[in-house]
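Here the structure is laid out as structure tokens; the discussion comes afterwards.
The values are calculated or read from the model by the stated rules, or taken from the named source; none is laboratory data. Predicted model, so just to flag it, every value in this text is computed and none were measured. No Cβ is skipped: glycine too gets one built from the backbone with ideal geometry, and neighbour counts run over all protein chains shown. Quick note on the areas: whole protein, heavy atoms, side chains included, nothing else; ligands and nucleic acids left out. Shrake-Rupley method; radii C 1.70, N 1.55, O 1.52, S 1.80 Å.
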There are 2 protein chains.
Amino acid sequence: MQVIRSVNTMSEIIQKYHLQHKQIGFVATMGFLHEGHLQLMKEAKKENAIVVASIFVNPLQFGPNEDFEKYPRDEQSDTLLAEKTGVDVLFIPTVKEMYPHAMLIHMSIRERVNVLCGHSRPGHFDGVLTVLTKLFHIIRPTKVYFGLKDAQQVAVVDALIQDLNFPMELVGLPTVREKDGLAKSSRNVNLKEHERREAVWIYKGLLAGQQLLLKGEGNPALIIKEVTQTVEKHISGKIDYIELLSYPALKPVSTINQQVILAAAVYFDEARLIDNLILHPNGKIINRYN
Amino acid sequence: MQVIRSVNTMSEIIQKYHLQHKQIGFVATMGFLHEGHLQLMKEAKKENAIVVASIFVNPLQFGPNEDFEKYPRDEQSDTLLAEKTGVDVLFIPTVKEMYPHAMLIHMSIRERVNVLCGHSRPGHFDGVLTVLTKLFHIIRPTKVYFGLKDAQQVAVVDALIQDLNFPMELVGLPTVREKDGLAKSSRNVNLKEHERREAVWIYKGLLAGQQLLLKGEGNPALIIKEVTQTVEKHISGKIDYIELLSYPALKPVSTINQQVILAAAVYFDEARLIDNLILHPNGKIINRYN
């Protein structure tokens, strides 16, 4: 595995792959890799000749009250994991390399962002759009892989690729879960013991909502109520949101006759956890986006 | 020459060229082609295996008071001219093809735009950025060609390509002029006879300013004064602006020790004409950008 830190060197390597007609799968990360990231890399490896992964903690997507400096980093462990998982090129640029001067061009998104986690992170997705556009131009991948755990991010990347005709395919892969069903997250280690036992009920609550849909219930309010009651019954933490929206448009629906997302976020003492299901209108879980 | 109207077909053709390792030169136009456009195509032909040109009157770059509908169009003549000039593929998408639904992603530029022609066209360059990003992704050119007559547009495209790491090279080519020196423009036909005789003094005024710089004058105010006096002496129209700015940053300079643009815009009765010189700090004219 090559570890590349310079944009120019990365571009040269990509140019070489293009001349060899090699399909490139790309996984963009902020590092501190866990099983979720590795699944993306494994799938990219299956479907492409070359896998490029990037590790870049993007200052542009952190708000003024979000701690860019304190974001967890472990380059040594990440490098070992990426290599073991079959990544061919690991791109780890510095902030200076990615943003050599103040940006003149600004990218923003007007929809799909004022719901779910977007409420509490204004401007976050603008920074995501910008860094992904830069990375997509440097890596020029055939397919890009994102986890459906961050389903809102997948919806935003979908808009980016569609609206601006990026010549690449978006793949959204299912959330990786612990044995009991809890969505894997680097934040799970911040749960107290009783919180960890309770946390699985976010997922179980979503499944209870799905059950209603499977039985033919098309009223979003009733499904949200079912999830809310299930979560509240078993969890001491505080619900941030439980929402049901069309997917990927992320608009409110009055009745479920299209693909939807059923999503929840819960505050525990020192961790805010999120989870979601993407559902066919017949209630079946959609595990791969595109 | 192939004439292509569908984004998908265009993408397929480009993919074929990429697999053949063919360098692609791209000229984006709004049609109603004149000698200025054809020069771009000729240069693109010299430097690339394939030349793609596009004709698309982009609604996004027209303000509410600018008449998108009345923009001159002549597809039949354009097609003949493009073919004669050596264009391999002429891309003429419809508005629906380029903007199948309302855009969710918004692009904007914060600098380089509140000077020169940007004053009078707020939001214009945001629309330019968006359509060019889309076209660049569809055509995936090796080199893109723009005329330095629209030097501000070249500066904006330069920012776009640099900031977002577009994998392509920007080429700015010199303004094409009538025999007497007047910059070629489709608007020249709207000049009255005496205005046409006067109009060359925009160019001559800029050259008078350049003379001062060649003689060692480094004070922008004195150079602007020289241009203003020359233009006012010979032209009955009204000066919109005469500006001297760093180029491509388009920032005011207190003394000329870097590449600059000396630019003028003049209102005649039924035409507003623009012209400019890009100048080395020693006063020599720079004819090719990049």
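One table, with the values for the structure above:
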read-out: Members of segment A:151-170 found to be within 11 Å of chain B (Cβ to nearest Cβ) and either under 16 Å from the mean Cα position of the chain (by Cα) or in a loop (DSSP other than H, G, I, E, B) (or both), listed by number; value: A:A155, A:V156, A:V157, A:D158, A:A159, A:L160, A:I161, A:L164, A:N165, A:F166, A:P167, A:M168
read-out: Output for segment A:97-128, where each listed residue is at the interface with chain B (Cβ under 7 Å from one of its Cβ atoms) and not basic (K, R); value: A:M103, A:L104, A:I105, A:H106, A:M107, A:S108, A:I109, A:E111
read-out: Sole residue being more than 14 Å from chain B (Cβ to nearest Cβ), assigned to a strand (DSSP E or B) and either over 18 Å from A:I139 (Cα atoms) or open to solvent by 50 Å² or more (accessible area, probe 1.4 Å) (or both), chosen from A:V3, A:V27; value: A:V3
read-out: Search result, residues across segment B:19-50 that are closer than 10 Å to B:G86 by Cα and in contact with a Ser or Thr (Cβ under 8 Å, 6 or more places away or on another chain); value: B:L38, B:M41, B:K42, B:K45
read-out: Residues that are under 18 Å from A:L38 (Cβ atoms) and in contact with a Pro (Cβ under 9 Å, 6 or more places away or on another chain), drawn from segment A:56-75; value: A:F56
read-out: Within segment B:131-145, tally of residues that are within 14 Å of the chain's Cα centre (by Cα) and at the interface with chain A (Cβ under 8 Å from one of its Cβ atoms); value: 0
read-out: Residue that is out of contact with any Pro (no Cβ under 8 Å at 6 or more places or on another chain), under 22 Å from A:I105 (Cβ atoms) and at pLDDT 95 or above, where the choices are B:L277, B:L250; value: B:L250
read-out: Residue in segment A:201-214 that is among the β-branched types (V, I, T) and touching a residue at least 60 places away in the same chain (Cβ under 8 Å) present; value: yes
read-out: The one condition in (1) away from chain A (no Cβ under 14 Å); (2) open to solvent by less than 60 Å² (accessible area, probe 1.4 Å); (3) farther than 18 Å from B:I261 by Cα that B:L148 fails to fulfil; value: (3)
read-out: Number of the exception - B:G36 against (1) under 21 Å from B:Q2 (Cβ atoms); (2) touching a strand residue (DSSP E or B) at 6+ places or on another chain (Cβ under 7 Å); (3) crowded, with 17+ Cβ neighbours inside 10 Å; value: (1)
read-out: Failed item in (1) outside the structural domain of B:E243 (by TED's automatic domain parsing); (2) without any contact (Cβ under 8 Å) to a residue 40 or more places away in the chain; (3) of a type outside the set (A, V, I, L, M, F, W, C), with B:E169 passing the rest; value: (2)
read-out: Of the criteria (1) open to solvent by 70 Å² or more (accessible area, probe 1.4 Å); (2) within 30 Å of B:T130 (Cβ to Cβ), which one A:H21 fails; value: (2)
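Residue by residue, here is whether (1) over 30 Å from B:V113 (Cα atoms); (2) modelled with pLDDT of 95 or more; (3) hydrophobic (A, V, I, L, M, F, W, C); (4) in contact with a strand residue (DSSP E or B) (Cβ under 7 Å, 6 or more places away or on another chain) holds:
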position: A:H21; (1), (2), (3), (4): yes, yes, no, no
position: A:A28; (1), (2), (3), (4): yes, yes, yes, yes
position: A:M41; (1), (2), (3), (4): yes, yes, yes, yes
position: A:I55; (1), (2), (3), (4): yes, yes, yes, yes
position: A:Q61; (1), (2), (3), (4): no, no, no, no
position: A:A82; (1), (2), (3), (4): yes, yes, yes, yes
position: A:T85; (1), (2), (3), (4): yes, yes, no, no
position: A:P100; (1), (2), (3), (4): no, yes, no, no
position: A:I105; (1), (2), (3), (4): no, yes, yes, yes
